[in-house]
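Have a look at the structure below, then the notes.
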Amino acid sequence: MKKKENWQNKKVLLTGATGFVGPYLVKELLERKARIKVLRMDTARNFTVPQDAITMVSGNITDPGSLQNIMKDIEIVFHLAAISNVNYAIAHPRETFETNATGTLNLLEEARKNKVEQFVYISSSHVYGVPQYLPMDEKHPIHPHEPYAASKAAAEMLVNIYGINYGLKTTIIRPFNMYGPGQSGDFIIPSIISQALKKDMIELGNLSPTRDLLFITDAIKGMFTIAEHGDGIYNLGSGNETSIKEVVETVINIIDPAKKYVSIESRKRSNAVDIPRMCADVSKLKKLGWSPVVDLKEGLLKTIKES
């Protein structure tokens, strides 16, 4: 395992801190005694981290004028802010591109002007589209199938361009399906858990798709490993393929084996945007010394306990 970087007093800007991943990232940065600045969007939810521990700045990544001076003296940027709900993105493609692609461009421009040392972009495994082979490594072709994925792929291109043309050290992380306490009910695992806790019959769409599921604490450790030692693009996943059926049955066995579940035709997503199988090749990341430690059952237990 490579030696951890010293984050004490390192000046870090974080966008998207009020989403699912952001608070975990802030907590880890606080434990490492970094000096944290959080860009807070006007529409952000309440932020639970004590505000005396961080510096809050207001701004909107789609408005370049509101971003002036936010990166003064900043050394590292973690850019998480994005529209990440696939169905919302399909219904609002222009807003999705303005936020995810143009918003990233605006931040990169501020990073360039302020000579930021490193720009860490949290992308998505959705940029791969339907897999041509499994597990997918970082050389797998990019083939987005919906506006969210396309906007993330466009943002990746911008990040790469700024790295090539302006000397900005850029790192791109492609998380697969992260999960854990605090995730929005719009996502599959919290939806399954919520139904299992409240209903006798769990209603789901297609049960056959597979996903690469990574518990949030493993994901955060992976992000730090990449930020400290990585160069280029990295997959972030468990390296395991798990079906939705296996997830729901594991959740039921934990909560109440008497629960039942059903696949409802009307809840199945269109084949135009559904990805049948997902599994990450994380050998590139593992070469940096990282490996996930929380298996699916343990991760689901932890998530259920805090639901």
Might you let me know whether the range 178-201 holds any residue that is within 13 Å of Val21 (Cβ to Cβ), assigned to a helix (DSSP H, G or I) and out of contact with any strand residue (DSSP E or B) (no Cβ under 6 Å at 6 or more places or on another chain)?
-> no
Scope the range 225-245; condition at pLDDT 95 or above and surrounded by fewer than 15 Cβ atoms within 10 Å (Cβ to Cβ); matching residues = Gly232
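Residues are listed down the side, and each one gets a yes or a no for (1) surrounded by fewer than 19 Cβ atoms within 10 Å (Cβ to Cβ); (2) without any contact (Cβ under 8 Å) to a residue 24 or more places away in the chain:
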residue	(1), (2)
Gly22	no, no
Asp52	yes, yes
Ile90	yes, no
Pro93	yes, no
Ala101	no, no
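Quick grid of which residues meet (1) of a type in the set (Phe, Trp, Tyr); (2) over 22 Å from Tyr24 (Cα atoms); (3) in a helix (DSSP H, G or I):
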site	(1), (2), (3)
Lys221	no, no, yes
Ala227	no, no, yes
Asn240	no, yes, no
Val247	no, yes, yes
Pro257	no, yes, no
Tyr261	yes, yes, no
Arg277	no, yes, no
Ser291	no, no, no
Lys297	no, no, yes
Out of all the residues in the range 175-204, which are among the β-branched types (Val, Ile, Thr), in contact (Cβ under 8 Å) with a residue 60 or more places away in the chain and under 20 Å from Glu298 (Cβ atoms)?
-> Ile189, Ile193
Only one of (1) modelled with pLDDT of 95 or more; (2) within 26 Å of Met136 (Cβ to Cβ); (3) exposed (fewer than 14 other Cβ atoms within 10 Å of the Cβ); (4) over 19 Å from the mean Cα position of the chain (by Cα) fails for Leu288. Which number is that?
-> (3)
Would you be able to say whether some residue in the range 209-218 is surrounded by fewer than 23 Cβ atoms within 10 Å (Cβ to Cβ), outside any helix (DSSP H, G or I) and of a type in the set (D, E, K, R)?
-> no
Does Phe78 fit the bill of being over 16 Å from the mean Cα position of the chain (by Cα) and crowded, with 18+ Cβ neighbours inside 10 Å?
-> no
Is there a residue in the range 57-66 that is among the aliphatic types (A, V, I, L, M), part of a strand (DSSP E or B), under 19 Å from the mean Cα position of the chain (by Cα) and modelled with pLDDT of 95 or more?
-> no
Inspect the range 45-52 for any residue being of a type in the set (Val, Ile, Thr), touching a helix residue (DSSP H, G or I) at 6+ places or on another chain (Cβ under 6 Å) and at pLDDT below 90 and give the result as yes or no.
-> yes
Do you know which residues across the range 25-38 are in a strand (DSSP E or B) and either at pLDDT below 95 or out of contact with any Ser or Thr (no Cβ under 6 Å at 6 or more places or on another chain) (or both)?
-> Arg35, Ile36, Val38
Filter result (farther than 23 Å from Lys287 by Cβ, surrounded by 23 or more Cβ atoms within 10 Å (Cβ to Cβ) and not hydroxyl-bearing (Ser, Thr, Tyr)) within the range 119-175 | His126, Ala149, Lys152, Ala155
Residue pairs meeting the criteria (Cβ under 6 Å; at least 6 apart or on separate chains; first surrounded by 11 or more Cβ atoms within 10 Å (Cβ to Cβ), in the range 255-271; second at pLDDT below 70) | none
Checklist (1) hydroxyl-bearing (Ser, Thr, Tyr); (2) farther than 29 Å from Ile244 by Cβ; (3) outside any helix (DSSP H, G or I) applied to Tyr162, failing item | (3)
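The values are calculated or read from the model by the stated rules, or taken from the named source; none is laboratory data. Remember, it's a predicted structure, so these values are computed and weren't measured experimentally. In this analysis, Cβ positions are derived from the backbone assuming ideal geometry, glycine residues included, and neighbour counts consider all displayed protein chains.
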